[in-house]
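Asks: Mind looking over this structure? Questions follow.
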Amino acid sequence: MKRIEVKTRGSSELVDITMEVKEVVKSAGVDSGICVIFTTHTTSGIIINENESGLKRDIVAILNELAPKGKGYLHDRIDNNAHSHLRAVLLGTSVTIPIDRGELVLGTWQSIFFVECDGPRRREFCVSVVEG
Ligand code: ZN
């Protein structure tokens with residue numbers, strides 16, 4: 001397992017981590033198996049989708065729409081970031097990608113993203129490579 005640090009710049013932001021994950025898989029030297037990418041935070045998510053600037057803004061916009069800030073959430077009584085937790089719930093904390101012939105089985109338009117929902121912050125995610 002490898003921990004990788006990511007520094008986010010915006011309050012909500014998609015960071016493409018495909019290259020970092022590919023490097024971990026390459027150095028693992030596994031021919032066939034799976035790769036799990038996991039975020040250790042409660043206000044961020046991991047997703048796979050297309051790295052297109054308009055779509056990235058659309059994803060941030062739909063998260064804003066689905067879980068707008070300050071809607072009287074109960075968690076806001078604690079630290080005022082319930083919307084960030086709720087957006088993370090919608091995204092999920094991990095993705096699993098098959099490995100074949102030593103490479104991630106990603107479609108042409110698929111990229112892996114760390115999604116910041118409560119930035120900017122110093123974050124980390126984990127990459128595990130399992131042979132099988
Ligand atoms: Zn909180």
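Asks: Of the residues Val130, Val115, Val95, Val60, which is farther than 14 Å from Ile37 by Cα and β-branched (Val, Ile, Thr)?
Replies: Working: Val130 fails: farther than 14 Å from Ile37 by Cα; Val115 fails: farther than 14 Å from Ile37 by Cα; Val95 fails: farther than 14 Å from Ile37 by Cα.
Among Val130, Val115, Val95, Val60, only Val60 is farther than 14 Å from Ile37 by Cα and β-branched (Val, Ile, Thr).
Asks: While we're looking at this one, here's another question. What are the pairs, 6+ residues apart or on separate chains, where a residue within region 5-19 that is over 15 Å from Lys56 (Cα atoms) and of a type in the set (Val, Ile, Thr) has its Cβ under 7 Å from a residue that is outside any strand (DSSP E or B) and open to solvent by less than 30 Å² (accessible area, probe 1.4 Å)?
Replies: Sorted first by the residue in region 5-19, then by its partner, the pairs are Val6/Ile17.
Asks: Also, I was wondering about something else. Looking only at region 74-97, which residues are outside any helix (DSSP H, G or I), more than 10 Å from the ligand (Cβ to nearest atom) and at negative phi? Steps first, answer last, please.
Replies: Residues of region 74-97 outside any helix (DSSP H, G or I): 74-75, 80-81, 92-97.
If we keep only those that are more than 10 Å from the ligand (Cβ to nearest atom) as well, we get 74, 92-97.
Listed by number, the residues that qualify are Leu74, Thr93, Ser94, Val95, Thr96, Ile97.
Asks: Name the single residue that is most open to solvent (accessible area, probe 1.4 Å) among those in region 98-129 being among the acidic types (Asp, Glu) and assigned to a strand (DSSP E or B). Break it down stepwise before answering.
Replies: Residues of region 98-129 that are among the acidic types (Asp, Glu), as a first pass: 100, 103, 116, 118, 124.
Subset that is assigned to a strand (DSSP E or B): 100, 103, 116, 124.
Details: Asp100: 79, Glu103: 122, Glu116: 2, Glu124: 51 Å².
The extreme case among them is Glu103.
Asks: Can you tell me which of Ser53, Ser94, Ser44, Ser32 is closer than 27 Å to Val130 by Cβ, loosely packed, with under 13 Cβ neighbours inside 10 Å and among the small types (Gly, Ala, Ser)? Lay out the reasoning, then the answer.
Replies: Details: Ser53 fails: closer than 27 Å to Val130 by Cβ; Ser94 fails: loosely packed, with under 13 Cβ neighbours inside 10 Å; Ser44 fails: loosely packed, with under 13 Cβ neighbours inside 10 Å.
Being closer than 27 Å to Val130 by Cβ, loosely packed, with under 13 Cβ neighbours inside 10 Å and among the small types (Gly, Ala, Ser) holds for just one of Ser53, Ser94, Ser44, Ser32, which is Ser32.
The values are calculated or read from the model by the stated rules, or taken from the named source; none is laboratory data. Computed from a predicted structure; not experimentally measured. All Cβ positions, glycine included, derive from the backbone under ideal geometry; neighbour counts span all protein chains shown. We work out accessible area using only protein heavy atoms, side chains counted, and drop any ligands, DNA or RNA first. Shrake-Rupley method; radii C 1.70, N 1.55, O 1.52, S 1.80 Å.
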